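Below is one structure; the comments refer to it alone.
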Amino acid sequence: MRAKARAPFSLMTWQAYITLAVTMLTLVSLARDWVSPAHTILGGGFALLLTGVISPEETFAGFGNPAPMTVAALYVLARATEKTGVIQPLLERLLGDGRGGRWAMTRLLVPSAAVSAFLNNTPIVAMLIPQVLRWADRVRVSASLYLMPLSFAVVLGGVITTMGTSTNLVVSGMLSKSTGTPLSLFEITPIGLPVALVGLLTLILTAPFLLPSRLSPRQGAEAGRREFAVCMRVLANGPLCNKSVEQAGLRGLEGVYLVSIDRDGEQIAPVDPETVLRGGDRLNFAGSASHVIDLHGRRGLESAESDHVAHFDSARHRYLQAVVGANSPLVGRTLKDVAFRDHYQAAVVAIHRAGQAVDQKLGEVRLRLGDTLILLTDPGFRVRWRDRPDFLMVTSLEGSAPAVSRKAWIVAVVMIGVCVVAGMGLMPMLQASLVGVLIIIGFGVLSAAEARAAIDMDTIVVIAGSFALGTAIETSGLAQHLAEWMTTMTGQGNVRMTLLTLVLATVVITEMITNNAAAALLFPIAFASAQQLHVDPRPFAIAIAIAASNSFLTPIGYQTNVMVYGPGGYRFGDYLRAGFPLTVTTVTAIVVLIPWYYGI
């Protein structure tokens with residue numbers, strides 16, 4: 001007969017109650033984006049420190065753990081891989097010149113997942129998105145059928161090895177703190193590899209049915225150019241001659257925006273409000289068709305021929321697309337708020353959100369996570385902003401492939417060496433990665449400044465700060481109480497039901513907050529649950545690592561999902577539709593494989 005479940009919060013210490021309150025507030029803040037994840041996690045740790053739940057040493061112990069530094073080193077190696085184009089020849093052969101379909105999807109997904117087992121998946125997706133867009137144009141298929149599966153595939157590939165994703169390294173660091181032994185490079189592989197294979201098979205079978213065929217932002221811009229592109233000419237000796245743009249009233253137009261001015265074979269872009277208009281100037285506007293009539297009725301302007309978006313291009317300026325990331329200062333602000341043209345030296349000609357161009361005055365649109373901005377700017381824009389948090393990804397609309405550097409072989413040798421040395425146990429992963437970074441910098445593949453810029457400090461802070469929350473959940477007794485309640489509710493000694501409950505909880509939480517934070521919060525509960533069941537906690541830790549990485553239900557759960565959101569022209573519900581069967585199969589695989597492989 002099943003024992004009566006004891007209330008999980010009865011007889012808890014005051015430290016456990018405070019930890020529970022701080023953890024819940026942290027979860028809400030992360031889910032609602034009140035402040036950045038890094039500030040939220042650090043704030044939670046400081047609250048636990050100030051209330052006496054954890055000591056100063058425990059609060060900052062994460063910064064001395066190998067996990068954050070290992071992730072930082074892997075960021076640098078990934079940046080070197082991206083810069084030199086070492087995997088570019090492989091990427092160009094993935095899709096070939098054949099037509100679309102499941103075979104094309106297989107050629108794309110399987111190698112991408114394999115590469116992401118050893119490289120940070122963000123640069124892989126960044127390199128592949130323009131390639132997929134260019135290929136889709138060439139063979140006349142919709143890129144939306146391939147970009148989301150690409151993101152899901154590299155996420156699946158990340159669980160094949162411990163170095164495949166930062167979440168695995170977080171769990172490894174916490175396991176090392178609790179048991180003294182971190183995860184080895186391939187310790188996660190017996191579970192992660194089958195989960196990845198099952199997931200890839202599910203994607204290849206279901207994605208063509210479940211994903212819509214939509215236009216990318218660039219395709220939408222070309223197909224519907226009359227919706228946001230119009231060219232007007234300033235009348236010679238007209239009322240607008242010798243007036244500034246602001247004086248002519250061309251700054252506050254409803255639904256349209258002055259992108260550039262063509263004058264005597266030269267182009268002025270971005271356009272300052274003080275720019276003086278001359279007769280014959282061709283003014284290129286971006287906006288919605290419903291507001292173009294405002295321009296036709298304006299004194300001093302006459303209609304010029306309708307131009308393609310490409311007409312705005314010149315030798316100095318080109319079109320790029322940039323995706324707004326979670327840590328971008330643009331989120332929640334308008335282009336006018338941030339003085340976008342002056343700050344970024346670029347003009348936004350369109351904003352795409354949830355698969356559609358935003359049909360309102362661009363300067364007053366409050367930007368959101370995942371918005372794709374089509375920019376007119378100089379060629380140096382990508383270099384200036386590539387490693388900054390403002391944009392998650394910056395790519396050319398033409399999708400041109402970067403040239404392979406002559407130093408690509410150095411990066412290839414370093415990456416292989418790191419994997420071999422760490423995999424054979426000759427050197428811990430941290431030391432192997434740091435040696436690789438020193439070689440990369442020593443041979444001039446990256447400068448010290450480039451290496452520093454490649455590191456996502458917000459992610460490092462989240463990882464390091466998460467250890468404080470995990471420690472509080474463990475030492476306050478909260479993890480023990482939750483584990484006792486969970487094992488009682490699922491049946492005493494029922495390993496599979498307890499494991500299923502933990503995995504489902506991790507999947508749900510990782511869709512609301514960062515996957516690293518989800519792993520850190522669930523790890524102590526999983527560890528305590530394993531102790532309650534008198535089984536080895538390492539399989540439970542591996543289950544948490546894989547479940548926290550596998551985010552398929554929303555675009556905001558994982559960084560690569562956000563990256564393909566705009567370029568693929570997706571809508572929020574597309575992720576739930578395509579990701580649900582994938583989530584079901586991967587969760588089932590985890591719960592079946594772990595008890596079978598470990599004999600628990």
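Every number here is computed from the coordinates shown, using simple stated rules; none is lab data. Here the structure is a predicted model, which means the values were calculated and not measured. Here the Cβ is made from the backbone with ideal geometry for all residues, glycine too, and neighbour counts use every protein chain on show.
5 Å is the cut-off here: which amide hydrogens, built 1.01 Å from N in the peptide plane, fall below it relative to VAL259, excluding neighbours closer than 5 in sequence?
Amide H to amide H, under 5 Å and 5 or more residues apart or across chains, VAL259 pairs with ASN284, PHE285, ALA286.
Quick check on the exposure proxy: order HIS39, HIS534, HIS343 from fewest to most C-beta atoms within 10 angstrom.
Least crowded to most crowded, the residues run HIS534, HIS343, HIS39.
Taking H placed 1.01 Å from N in the peptide plane, check which residues at least 5 places from SER476 or on another chain put their amide H under 5 Å from its amide H.
Hits under the 5 Å cutoff: none.
Take the Cα coordinates of segment 106-167, assign each an equal point scatterer, and use the Debye formula without solvent to give log10 I(q)/I(0) at q = 0.16, 0.24 Å⁻¹.
Result of the Debye calculation: -0.47, -0.90.
With θ taken as phi - 60° and the coefficients 6.51, -1.76 and 1.60, list the Karplus ³J(HN,Hα) couplings across segment 416-429 in order, rounded to whole Hz; mark glycine and proline as x.
Those phi angles translate into 5, x, 4, 5, 5, 5, 5, x, 7, x, 6, 7, x, 4 Hz.
Taking R0 as 22 Å, what FRET efficiency do you get between PHE46 and THR13 from their Cβ-Cβ distance, rounded to the nearest 0.05? Don't skip to the end; give the middle numbers.
Numbers: r = 20 Å, r/R0 = 0.93.
According to the calculation, E is roughly 0.60.
What whole-number distance in Å separates the alpha-carbon centres of segment 528-600 and segment 19-77?
Here the answer is 22 Å between Cα centres.
Please report the relative contact order for segment 449-600, taking Cα pairs under 8 Å with a sequence separation of at least 6, and give it as a percent rounded to a whole number.
Relative contact order comes out at 24 percent.
Assuming 0.36 nm per residue, please report the length gained on full extension of the stretch LEU197 to HIS343 beyond their Cα-Cα distance.
Result: 48.0 nm gained on full extension.
Cut-off is 10 Å between beta-carbons; in what order do GLU484, GLU302, GLU187 appear when sorted fewest neighbours first?
Lowest count first: GLU302, GLU484, GLU187.
Which ordering of MET69, MET427, MET24, MET563 is given by a fewest-first count of other beta-carbon atoms within 10 Å?
MET24, MET427, MET69, MET563
With charges set only on the Cβ (+1 for Lys and Arg, -1 for Asp and Glu), what does the dipole of segment 413-516 come to about its Cα centre, in debye to the nearest 20?
For this selection, approximately 200 debye.
Can you compute the modelled spin-label distance between VAL420 and PHE60, with each label point 7 Å from Cα toward Cβ, in nm?
Calculated label separation equals 4.0 nm.
Please give the FRET efficiency for ASN494 paired with MET457, using the beta carbon to beta carbon distance and R0 = 35 Å, rounded to the nearest 0.05.
Given R0 = 35 Å and the Cβ-Cβ separation, E is 0.25.
For ALA143, which sequence-distant residues (separation of 5 or more, or a different chain) have an amide H within less than 5 Å of its own amide H, given hydrogens modelled in the peptide plane?
Counting only residues 5 or more places away or on other chains, the set is SER216.
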